[in-house]
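Colleague: The structure's right below; bear with me while I get my questions together.
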Amino acid sequence: MADKKKRLRTDPDSDSDNQTHAPFKKRLKPDSTILSILKTLKESLPSSSSITNNQTLTLADLGLSSTCREVADLDLSSVKSAIEDVVLRITKSILDGNGFTLEVPARGNANQLFVPELDRIVLKDKISLRPFANVNTVRKTTITTRILGLIHQLCMKNIHVTKRDLFYTDVKLFQEQTQSDTVLDDVSCMLGCTRSSLNVIASEKGVVVGRLIFSDNGDMIDCTKMGMGGKAIPPNIDRVGDMSSDALFILLVEKDAAYMRLAEDRFYNRFPCIIVTAKGQPDVATRLFLRKMKLELKLPVLALVDSDPYGLKILSVYGCGSKNMSYDSANLTTPDIKWLGIRPSDLDKYKIPEQCRLPMTEQDIKTGKDMLEEDFVKKNPGWVEELTLMVKSKQKAEIQALSSFGFQYLSEVYLPLKLQEQDWL
């Protein structure tokens, strides 16, 4: 009897310990309630939604076609012809005794424009000149002509190579891969085609797992049967087709560690979803793949990123585009991504311990303040509020900070509660 009374006395303490180690777990409603909320979210996306409107709305519709530039998907013969036109102009200029100068679209910050109606960054029409007979530009001009020649070879042979392959064709000239990569984007912009039209791809980086079936070069892939590591996103998006899914949403995850946690816990079976990550900075293939899923499957996209300026920056690249590739933002951006977490307000709301929070560096604070001046942040009051709180508190936290409450707290409590409360921006 005494033992029974002792057990009864310790039970309340035990409940209290559980709440300390897994705060807010008792707030969770049955999964059926959360699933009902997610179904409502999915159904709230009308068939002729803003996605379609953003697709049909162009720079020309807004009267910006003469002051901004965009590229398009071109077939290999068109790319080949465009390169030959450039070479003919160069040849004629040399034969006329004028040497030659390349006209390359300027891609610096000053030549970028955020268009609210399109909800993305576009490139303005300023041109920079690269004369071969100028000591300041001769090397970059040489690299540009070399890249043009290599791309022409790829068109002739109808083969794909990686950016690394391209770099190793002339290491002494390129010196660093960043230099050949930068000029590759210049060439894409010069020719008016997407980078994938050049048959140059990046190595596989992004991965996907969950309730998605698609064909990869004719082979059917079921992403629920790909193990914890998931399926690598094909670097050539043209290989991908026949997408089908019974998911209720797409969960976009910044970090590989969080992705692995959710994949191992089979989060996508408890709450039908597709989980995708680029393992940090978004690569072109993952951005194209995410956009394709959003448009074809008509699913809402919820994002899970670190609570720091760089997490929000990564989210903005997926949603509004990057300044580096603004010339192709029409093909690379995914509209209406919702910021699920981890947000600066979550640090106190979910009682994340002080020892799991990190002090922001001076560079972090500067980046945060700079982002507050960006038009794509200003248009979203919720983003402004969260970013202001981050800069004011001078605290940041990674997704892994939630592991202080248990390794599975992310999948078992935090995300279900976020979905239940529809706590996204």
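Colleague: Sort out which residues of the stretch 135-179 are in contact (Cβ under 8 Å) with a residue 12 or more places away in the chain, polar (S, T, N, Q) and open to solvent by 60 Å² or more (accessible area, probe 1.4 Å), and write them in order of number.
Modeller: Asn158, Thr169
Colleague: Further question on the same structure: Can you say whether Leu118 is more than 18 Å from Val183 (Cβ to Cβ), in contact with a Lys or Arg (Cβ under 6 Å, 6 or more places away or on another chain), among the aliphatic types (A, V, I, L, M) and assigned by the TED database to the domain that holds Leu150, as far as the supplied structure shows?
Modeller: Judged against the criteria, Leu118 is not a match.
Colleague: Scan the helices (runs of 4 or more DSSP H) fully inside the stretch 156-253 and keep the ones with 2 or more residues being of a type in the set (Asp, Glu).
Modeller: 177-191
Colleague: I'm checking my understanding of the structure. Among residues of the stretch 324-343 that are in a loop (DSSP other than H, G, I, E, B) and within 20 Å of Leu251 (Cβ to Cβ), which one is most open to solvent (accessible area, probe 1.4 Å)?
Modeller: Asp336
Colleague: Right, another one. Go through the stretch 159-199 and give me each residue that's within 16 Å of Pro235 (Cα to Cα) and of a type outside the set (A, V, I, L, M, F, W, C).
Modeller: His160, Thr162, Lys163, Arg164, Asp165, Asp181, Thr194, Arg195, Ser196, Ser197, Asn199
Colleague: Which members of the stretch 233-243 meet the condition of being open to solvent by 30 Å² or more (accessible area, probe 1.4 Å) and free of Cβ contacts under 8 Å to residues at least 40 places away in the same chain?
Modeller: Within the stretch 233-243, Arg239, Asp242 qualify.
Colleague: Right, next: Tell me which residues, restricted to the stretch 103-136, are within 14 Å of Arg69 (Cβ to Cβ), of a type in the set (Lys, Arg) and in contact with a strand residue (DSSP E or B) (Cβ under 7 Å, 6 or more places away or on another chain).
Modeller: Scanning the stretch 103-136 gives Arg107, Lys124.
Colleague: Which pairs do you get when a residue that is within 25 Å of Tyr327 (Cβ to Cβ), found in the stretch 93-106, comes within reach of a residue that is part of a helix (DSSP H, G or I) and among the charged types (D, E, K, R), reach meaning Cβ atoms under 8 angstrom, with the pair 6+ apart or on two chains?
Modeller: As it stands, the answer is Phe100/Arg89; Val104/Asp186; Pro105/Asp186, since those pairs meet every condition given.
Colleague: Taking the criterion of being open to solvent by 50 Å² or more (accessible area, probe 1.4 Å), outside any helix (DSSP H, G or I) and in contact (Cβ under 8 Å) with a residue 12 or more places away in the chain, would at least one residue in the stretch 264-281 satisfy it?
Modeller: Among the residues of the stretch 264-281, at least one is open to solvent by 50 Å² or more (accessible area, probe 1.4 Å), outside any helix (DSSP H, G or I) and in contact (Cβ under 8 Å) with a residue 12 or more places away in the chain, which makes the answer yes.
Colleague: Quick one: how many residues across the stretch 386-409 are in contact (Cβ under 8 Å) with a residue 12 or more places away in the chain and within 14 Å of Pro309 (Cα to Cα)?
Modeller: The total comes to 13.
Colleague: Would you mind stating whether Met226 is more than 25 Å from Lys313 (Cβ to Cβ) and more than 20 Å from the chain's Cα centre (by Cα)?
Modeller: Answer is yes for this residue.
Colleague: Only residues that are within 13 Å of the chain's Cα centre (by Cα) and open to solvent by 10 Å² or more (accessible area, probe 1.4 Å): list them for the stretch 293-313, please.
Modeller: Matches in the stretch 293-313: Tyr310, Lys313.
Colleague: Is one or more of the residues making up the stretch 128-142 under 30 Å from Gly230 (Cβ atoms) and in a helix (DSSP H, G or I)?
Modeller: No, the stretch 128-142 has no match at all.
Colleague: Among the residues in the stretch 92-102, are any over 25 Å from the mean Cα position of the chain (by Cα) and part of a strand (DSSP E or B)?
Modeller: yes
The values are calculated or read from the model by the stated rules, or taken from the named source; none is laboratory data. Given the structure is predicted, the values throughout are model-derived calculations rather than measurements. For neighbour counting, all protein chains shown are included, and Cβ atoms are generated from backbone atoms with ideal geometry for every residue, glycine included. Accessible surface areas use protein heavy atoms only, side chains included; no ligands, DNA or RNA. Shrake-Rupley method; radii C 1.70, N 1.55, O 1.52, S 1.80 Å.
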